[in-house]
Structure formats: structure tokens, C-alpha cells
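The values are calculated or read from the model by the stated rules, or taken from the named source; none is laboratory data. What you see is a predicted model; the values in this text were computed from it and never measured. Cβ placement follows ideal geometry from the backbone for every residue including glycine, while neighbour counts extend to all protein chains displayed. Side chains are part of the model used for accessible areas, which takes the heavy atoms of the whole protein and leaves out ligands, DNA and RNA. Shrake-Rupley method; radii C 1.70, N 1.55, O 1.52, S 1.80 Å.
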Amino acid sequence: IDLVIRAWRPGPSHDQSSTSTKKNRHKLTVLVQNNSSSFIIFAANLSLDTALQIDLVIRACAREGAWRPGPSDVQYEEYKRSAEAAGFSRTVHSDSSASLLCMVNPSNPTGEYLKVDDLMEYLEQTCERGSTVIVDESMQPWVGPHWREDSLISKGAWRRQMSIEKGVDVFVMHSWTKIWSCAGIRLGSVIAPTPQLMVKIKSKQVPWSVNSVALVFLTVAIADKEFMRRTWALTPVWRLNIVSKITEAFPAWRCHGEPFLSWVWIDTFDEDQAEAAVAAAKAAGCPIRWGEPGYKKATIIRLGVRNELSFEVLLGALKKVLVSRRMTAA
């Protein structure tokens, strides 16, 4: 609180972050919210809770009808909640007639990733005129220092063209709580394809959607280049260690996801093993996620990327329980 009193000065530092390039800053139409799922690309000066910004885009800009996930059926459940609360019915990911497409890239939780050219091609080929698209790029900053180059935030002209010429409105969302590990602060941003669509969103926005504590945190976080440097340097190394040791200890399991991601999506191909792994991890004080709740993937577990010493605790617990289960079965 003392930091807020001493440091907060409303001004350009709060609405033009160092994460947006000078070249693209004038091209972005951004709404920043006190959010549950976003990262920093400020060219406008508003902030939202990510769950709230999802609701705003869907309710203000999408034509009511069916919604679909993409490019697969498994993804972060917040979009399901928002779409269905707004009256949309769910359809399969391959149904191009859906009026709303909500996708997460890189995909949370599966780890699937479409590079920006592949992503644009996918949207061009699968979205019909009159549809609204939300692309959540909250995990994109883990790609590395060049993350903007492989992001839709660098494709402002394409997004405007899609909206004006093809009638497909593509919104880009980021939750900054992920990369900065600040779930209690809840900062997020949304980029609209045109100024007119951003006005529609702002017309539905509640006042004071970001507070001074969040603004001060934001100002400090975007200036912490060392944090990002360490994140980009260490995450792939720690993840490779996890994948290598899991593969060695449990050769029947299959690890999924890109090398830069902060988690590992693992198919054990055995529901009992997955459930036992979750219980063993919890008992050891290093819980992991099970794919059954929400995603209905009972053979899947998801591990957060941790340093070598922390992972050894988890690996030891998994080996102890699962190897003993094998011996008992034998």
C-alpha cells in the first residue's frame, strides 16, 4: 500500500507498455482490464478482469447462436462458461457455421500450438462471414523474446481486413496473471480488430475496472526485464528435464506440448494410474492436475514446470506409488 501511495502517477506508463513495439503501437485497439487471463500490449487506457473481458466481447460483439472451441475440443473452460451464460449452445470444433469461435493458442491445457501463419490460415478457412473469433494468447509470452512476432498482435492489418472485407471479427486476448504469477492482481487485455468494435466493448464496460494497486504492479512488472529473461532461459531447460525423466521412468506415458510451455500434458493411457498419480502428488505436497474434472480426460495428468530439485520430490512420489502398483499387479 505504501508503494501505491508513493509510486502511483496516472500517466502514459499505465497505458503504453514496453511490451508493445513502437512500430505497432498506433495500430492496436486495446482494452486492458483488471483481469483473470491477460498479458501487456497497452495502446488504449482501460483494464478488465479477463473473465469480464470475455463476457464483454461475447455479449457486445458476437451474433447469438452456436459457439465452438478450436482447433480441438479440449481447452480452458472459461470460454464455455461465458458463451453458454450468454445463451450460446456448444457445437463441435469442426463446425464452421458457428457464430462464435473461442480458441486458446498455445492451448491450455493440451499444449497444442499454431504458429501465426498457420493460425491465420486456420481462421480464414474455418470461419464464415458474420462470425466472431476470440483468440486467447495468454501463454504466448513463453515463446521467447520474439513472442510478438509469432502473435496476432503483430497482424493488425490482417485483423482489420478480416473484419472489413470478410466480415470475421478477430479479437486477441491476453491474461497477464499467467506469465507474472499474480492471480490476485488479475490484469488482462483485449485487442479489437477495429476502433468501432472497441467502442462497442467499452460501452458495456463497468467503471473503475482496474484499481491503483494493479496499475502499480503493472508498472513495475513490465519494467522487470530480468524476470522475463530468466523465464525464457529456465523454463525450456526445466521442462526438458521433466519430460526426459518422466519418459525414462514411465516409458508407456506420452508427454505433449511445446518445449517453451510452463506445463506438461501427459497421457498415461490408464485411468487408474492417472488417478493414483494425482493422489501421490497431493500426499507429497506437490499437487498436479487430473484431466478428468472439466476436461473428461481421465487418463491425463498435467504437471507444472518446476526446477530440478522440486521436481525430484514429485518424481520420487510418483515412482514410489506407481512402481509399487505394478509390482502388486504382477
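Quick look at the numbers
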{"read-out": "Residue count, the range 180-238 (criterion: under 18 Å from the mean Cα position of the chain (by Cα), within 30 Å of ALA157 (Cα to Cα) and of a type in the set (Ser, Thr, Tyr))", "value": "1"}
{"read-out": "Residues of the range 129-172 satisfying the condition of being open to solvent by 10 Å² or more (accessible area, probe 1.4 Å), over 20 Å from CYS102 (Cβ atoms) and not in a helix (DSSP H, G or I)", "value": "PRO145, HIS146"}
{"read-out": "Number of the condition not met by SER310 [criteria: (1) loosely packed, with under 15 Cβ neighbours inside 10 Å; (2) under 18 Å from the mean Cα position of the chain (by Cα); (3) at pLDDT 95 or above]", "value": "(2)"}
{"read-out": "Every pair of residues 6+ apart whose Cβ atoms lie under 6 Å, when the first sits in the range 124-136 and is among the charged types (D, E, K, R) while the second is part of a loop (DSSP other than H, G, I, E, B) and open to solvent by 10 Å² or more (accessible area, probe 1.4 Å)", "value": "GLU128/SER96; ARG129/GLY167"}
{"read-out": "Filter result for LYS178 (open to solvent by 70 Å² or more (accessible area, probe 1.4 Å), within 15 Å of GLN53 (Cβ to Cβ) and at pLDDT 85 or above)", "value": "no"}
{"read-out": "Close pairs (6 angstrom Cβ cut-off, 6 or more residues apart or separate chains): in contact (Cβ under 8 Å) with a residue 60 or more places away in the chain in the range 288-305, assigned to a loop (DSSP other than H, G, I, E, B) and open to solvent by 50 Å² or more (accessible area, probe 1.4 Å) anywhere", "value": "GLY291/LYS297; GLY294/GLU77"}
{"read-out": "Failed item in (1) surrounded by 14 or more Cβ atoms within 10 Å (Cβ to Cβ); (2) under 28 Å from the mean Cα position of the chain (by Cα), with LYS319 passing the rest", "value": "(2)"}
{"read-out": "Long-range neighbours under 6 Å by Cβ, at least six apart or interchain, first residue on the phi > 0 side of the Ramachandran plot within the range 162-186, second part of a loop (DSSP other than H, G, I, E, B)", "value": "GLY167/ARG129; GLY167/GLY130; ARG186/ASN35; ARG186/SER36; ARG186/ASP49"}
{"read-out": "The range 186-204, residues that are surrounded by fewer than 14 Cβ atoms within 10 Å (Cβ to Cβ) and among the β-branched types (Val, Ile, Thr)", "value": "VAL199"}
